[in-house]
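Any read-out appearing in this document is the output of simple, stated calculations on the displayed coordinates, not a laboratory observation. All values derive from a computational prediction rather than experimental measurement. Cβ placement follows ideal geometry from the backbone for every residue including glycine, while neighbour counts extend to all protein chains displayed.
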Amino acid sequence: QKEVEQNSGPLSVPEGAIASLNCTYSDRVSQSFFWYRQYSGKSPELIMSIYSNGDKEDGRFTAQLNKASQYVSLLIRDSQPSDSATYLCAVRVLTGGGNKLTFGTGTQLKVEL
Amino acid sequence: DAGVTQSPTHLIKTRGQHVTLRCSPISGHKSVSWYQQVLGQGPQFIFQYYEKEERGRGNFPDRFSARQFPNYSSELNVNALLLGDSALYLCASSAGTPRLLEQYFGPGTRLTVT
């Protein structure tokens, strides 16, 4: 079982719709969760971090965390063509010390006009 | 404030050669982490340094090494390059304190090994 799993997509949504991106993780002691956006040919850009159960909202983005189900999601409201990118879920793994992030393979999002 | 900077942006090397990649963190950040990203995959953790000490190491061979300098900049060295080392190498900067865990990536160095 992969440590962090994401559906690779592509996930296609029409402009203005809500895009829902999902991520599951296997390490129950994971405590910190991050969403990165990566445009083709560019480096990952941090868009959300979440540390406790529940929802965290920042503009059009909402991160949701359910530690009991080992599940974290990202909702993008009013999706725009500029949101088309690969979204990477990252989990901070406590084993071995350090500030290591374990990433999923990413979900490609396409926002269509 | 400037973000994370990395140099060079692109690099082409031949199998067996050595490469050094450089990174400067965000001003005030004391921790630097290195990741390797191959096409179609998420970044894979290589090293983390905090206050010039190695704090974490990923599952990479001993050909990979790194260090952090007193000004918190960092170098990643890879010896005896293999074709499979071709990837985007990312440096991530973080404050390093337990409450500030967010990591911010630089633009990366794209390494091609021929």
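General observations
- Counting charges near residue A:110 (Lys, Arg +1; Asp, Glu -1) among other residues having Cβ under 14 Å from its Cβ returns a value of -2.
- When the convex hull of its Cα atoms is projected in every direction, mean area for the protein assembly as shown (nm²): 12.5 nm²
- Cα centroid of the range B:43-70 to Cα centroid of the range A:20-69, whole Å: 24 Å
- Taken residue by residue and averaged, Cβ atoms of other chains lying within 10 Å of the Cβ of B:38-46 number 5.
- Order of A:76, B:12, A:47 - criterion: other Cβ atoms within 10 Å of each residue's Cβ, fewest first: B:12, A:47, A:76
- Extended-chain gain in nm, criterion 0.36 nm per residue less alpha-carbon gap, residue B:114 and residue B:60: 17.4 nm
- Proxy reagent accessibility, fewest Cβ within 10 Å first, across B:69, A:103: B:69, A:103
- Volume per residue of the convex hull around the Cα atoms, evaluated for the range B:58-113, comes out as 106 Å³.
- Relative pair counts by distance (%), Cα atoms of chain B, 10 Å bins: 15, 50, 29, 6, 0
- Per-residue ³J(HN,Hα) for the range A:61-78, Karplus 6.51 cos²θ - 1.76 cosθ + 1.60, θ = phi - 60°, Hz, x for Gly and Pro: 9, 10, 9, 10, 10, 10, 5, 5, 8, 6, 9, 9, 9, 10, 9, 10, 8, 6
- Calculation over all alpha carbon pairs of chain A in 10 angstrom steps from 0 returns a P(r) of 15, 48, 30, 6, 0 percent.
- Of the trypsin sites (Lys or Arg not before Pro) in the range A:1-66, the ones in a loop by DSSP (not H, G, I, E or B) with at most 15 other beta carbons within 10 Å are A:2, A:28, A:42, A:60.
- Cβ-defined net charge surrounding residue A:19, 14 Å radius [Lys, Arg +1; Asp, Glu -1]: 0
- Remark: mean inter-chain Cβ contacts per residue of B:103-110 equal 4, using a 10 Å Cβ-Cβ cutoff to other protein chain atoms.
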